[in-house]
Amino acid sequence: MIIQKGIRGAITVEENTADSIAANTRMLLEQLISDNQLSNEDMVSVLFTATADLTKVYPAKVAREFGLSDVPLMCLQEMYVEESLEKCLRVLITINCKPELKITHSYLKEAVRLRPDLSEKD
């Protein structure tokens, strides 16, 4: 039986430049794909959000250039919340998988603050 699961991740970006956004988008995707042993065929869709202070390039454009050419991609602006993490990219990857697959979420750089429970080592 095949089911759908979601894989979450986030990363902070040092500066609002196309190069910095692209490098960090690739870093996050590489981590999630490696940790979860994903192929493009596993992916149903990928949703990116970015805080309003990241304006120089769409993460989906970077993902397309990264090789996710057959996966539906979408970018959205993250809802603003006072005192929230700045310069942050978030991603939700929906995949087809077997029910027993253990998912590994990745929160990198300052984004570890979003999910400290996932950063704790046993």
Quick check on the chain: helices-only [θ] at 222 nm, where DSSP H runs of length 4 and up contribute -39,500 (n - 2.57) each and the sum goes over total residues. Nearest 500, please. -7500 deg cm²/dmol
Note: GLU41 to LYS102 extended length (0.36 nm per residue) minus current alpha-carbon separation gives 20.2 nm
C-alpha long axis of helix 18-36 to longest principal axis of the chain, angle in °: 20 degrees
The FRET efficiency for GLU110 and SER69, from their Cβ-Cβ distance with R0 = 30 Å and rounded to 0.05, is 0.50
Exposed GluC sites (Glu not before Pro) being those in a DSSP loop with at most 14 other Cβ atoms within 10 Å, the longest stretch of the chain free of them is 16-81
Choice from ALA22, ALA52, ALA63 showing the highest fluctuation, given a GNM over the chain with Cα pairs closer than 10 Å: ALA52
Exposed trypsin sites (Lys or Arg not before Pro) absent: longest stretch of the chain, with sites in DSSP loops and at most 11 other Cβ within 10 Å deemed exposed: 1-101
Label zone at VAL81, where the point sits 7 Å out along the Cα-to-Cβ direction: region 45-65 residues whose backbone N lies under 15 Å: 49-52
By DSSP, what percent of the beta bridges with both residues in the chain are antiparallel, rounded to the nearest 5? 70 percent
Eligible aspartates and glutamates near LYS87 by straight Cα distance, threshold 20 Å, same-chain separation 8 or greater: GLU14, GLU15, ASP19, GLU30, ASP53, GLU78, GLU110
For LEU92, placing the label point 7 angstrom along Cα-to-beta-carbon and taking region 1-15, residues whose amide nitrogen sits under 20 Å are 3-12
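Any read-out appearing in this document is the output of simple, stated calculations on the displayed coordinates, not a laboratory observation. All of these numbers come straight from a predicted model, not from anything done at the bench. Cβ atoms come from the backbone with ideal geometry, glycine included; neighbour counts cover every protein chain shown.
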